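Visitor: This is the structure I have questions about; it appears just below.
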Amino acid sequence: MGLGSNLDNPIEQIKKALQALKLLPNTHLKTQSALYRSKPLGSQNQPDYINAVAMLATKLSPLVLLEHLQVIENEQGRVRGAERWGPRTLDLDMLLYDNLQLQQTRLILPHPGLYERAFVLYPLYDCSPDLILPNGQAVSVLMRGFDGLEKVSTEP
Ligand code: ROI
């Protein structure tokens, strides 16, 4: 799961979302990455983002899990239909689901941005340094193509 926020105290938004993920039914939060700060991809006219990745074990199907994620986004003040690639209080992206490859209107797996976004690859590497993506590419190799990301101190 990819988490991102750049509005209304993003660090707190990400921490709150991680707590919400822990409460999902038939789901267990296995690993969470450090938090990272990065410049926005897309419109530069918005605050920096905080990103993280969490790995879940779940009995929920991908589409049921997606519905739960959208409820959490909405509960944390996400306003939909606003500018594409604009600022948001919380973005929860399903990045991978086992080795599943899906091309549905509502859900594409792996997440199409996965291969080209440092703010996904670095925290994903934290969670699973040996991970091989469904297309055979190693996360550790892909991330070498990107500059390092700034880790955020999460001390209270
Ligand atoms: N940019 C960064 N750095 N992090 C994000 O999570 C993020 N999410 C988005 C867009 C607007 C594409 N840019 C982002 O949805």
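Visitor: Shape call for the stretch 79-156 from the C-alpha gyration tensor, a ≥ b ≥ c root eigenvalues: rounded (a/c under 1.5), prolate (a/b greater than b/c) or oblate? Can you show the working numbers first?
Guide: Values: a/c = 1.88, a/b = 1.05, b/c = 1.78.
Cα axes put the stretch 79-156 in the oblate bin.
Visitor: Here is a follow-up. Please report the carbon-and-sulfur percent of the accessible area for the chain; probe 1.4 Å, protein heavy atoms only, DNA, RNA and ligands left out. All intermediate terms of the calculation are to be shown ahead of the outcome.
Guide: On the way: 4320 of 8550 Å².
C and S fraction of accessible area: 51 percent.
Visitor: Let me know the shape class of the stretch 20-63, please: from the alpha-carbon gyration tensor, a ≥ b ≥ c as square roots of the eigenvalues, rounded when a/c is under 1.5, otherwise prolate if a/b is greater than b/c, or oblate. The partial results should precede the final answer.
Guide: On the way: a/c = 3.59, a/b = 2.28, b/c = 1.57.
It comes out prolate by the Cα gyration axes.
Visitor: Now for a separate question. So if I take the centroid of the Cα atoms in the stretch 35-50 and the same for the stretch 58-90, what is the distance between those two points in Å?
Guide: Between the Cα centre of the stretch 35-50 and that of the stretch 58-90, the gap is 18 Å.
Visitor: Given Cβ point charges of +1 (Lys, Arg) and -1 (Asp, Glu) and nothing else, what value in debye, to the nearest 20, does the dipole of the stretch 2-153 about its Cα centre take? Please report the intermediate quantities before stating the final value.
Guide: On the way: 15 positive and 15 negative charges, 25 e Å.
About 120 debye.
Visitor: Give me the extension gain from Val71 to Leu18: residue separation times 0.36 nm, minus the current Cα-Cα distance, reported in nm with one decimal. Mind dumping the intermediate values first?
Guide: On the way: separation 53, 0.36 × 53 = 19.08 nm, distance 1.37 nm.
Full-extension gain reported as 17.7 nm.
Visitor: How much net charge surrounds Val120 when only other residues with a Cβ under 12 Å from its Cβ are counted (Lys, Arg +1; Asp, Glu -1)? All intermediate terms of the calculation are to be shown ahead of the outcome.
Guide: Details: positive: Arg117; negative: Asp91, Asp93, Glu116, Asp126.
Value of the local net charge: -3.
Visitor: So, R0 is 22 Å and r is the distance between the beta-carbons of Glu83 and Ala34; what FRET efficiency does that work out to, to 0.05?
Guide: Values: r = 29 Å, r/R0 = 1.30.
With R0 = 22 Å, the Cβ-Cβ based efficiency is 0.15.
Visitor: Pick from Leu121, Leu56, Leu95 the residue whose mean-square fluctuation is largest in a GNM of the chain, springs joining Cα atoms under 10 Å.
Guide: Residue with maximal mean-square fluctuation among Leu121, Leu56, Leu95: Leu56.
Visitor: Sort Arg37, Arg88 by heavy-atom solvent-accessible area, probe 1.4 angstrom, most to least.
Guide: On the way: Arg37 80, Arg88 40 Å².
Ranked from most to least accessible, the order is Arg37, Arg88.
Visitor: Moving on to the next point. Under a GNM of the chain (C-alpha, springs under 10 Å), which listed residue has the highest mean-square fluctuation: Ser61, Ser38, Ser128?
Guide: Comparing Ser61, Ser38, Ser128 in the GNM, the peak value goes to Ser61.
Visitor: I've got another one for you. Against the globular-protein guess of 2.2 N^0.38 Å, express the Cα radius of gyration of the chain as a ratio, rounded to two decimals.
Guide: Numbers: Rg = 14.7 Å, N = 156, 2.2 N^0.38 = 15.0 Å.
Normalised by 2.2 N^0.38 Å, the Cα Rg of the chain equals 0.98.
Visitor: Still on this structure, I have one more. I'd like to check one number: the per residue accessible area of the chain, probe 1.4 Å, reported in Å² as a whole number. Mind dumping the intermediate values first?
Guide: On the way: 8550 Å² over 156 residues.
Spelled out: the 1.4 Å probe surface of the chain, per residue, equals 55 Å².
Visitor: Summing -39500 (n - 2.57) over the DSSP H runs of n ≥ 4 in the chain and dividing by its residue number, what mean residue ellipticity at 222 nm do you reach, to the nearest 500 deg cm²/dmol?
Guide: Working: 4 runs with 41 residues, N = 156.
Only helices count here, giving -8000 deg cm²/dmol.
Visitor: For Met143 and Ile11, calculate 0.36 nm times their separation in residues minus their Cα-Cα distance, and state this gained length in nm to one decimal. All intermediate terms of the calculation are to be shown ahead of the outcome.
Guide: Numbers: separation 132, 0.36 × 132 = 47.52 nm, distance 2.32 nm.
Net length gain for the segment: 45.2 nm.
The values are calculated or read from the model by the stated rules, or taken from the named source; none is laboratory data. These figures come from a predicted structure and were not determined experimentally. Reconstructed Cβ throughout: ideal geometry from the backbone, glycine too, with neighbour counts over all protein chains shown. What goes into the accessible areas is simple: the full protein's heavy atoms, side chains included, and nothing from ligands, DNA or RNA. Shrake-Rupley method; radii C 1.70, N 1.55, O 1.52, S 1.80 Å.
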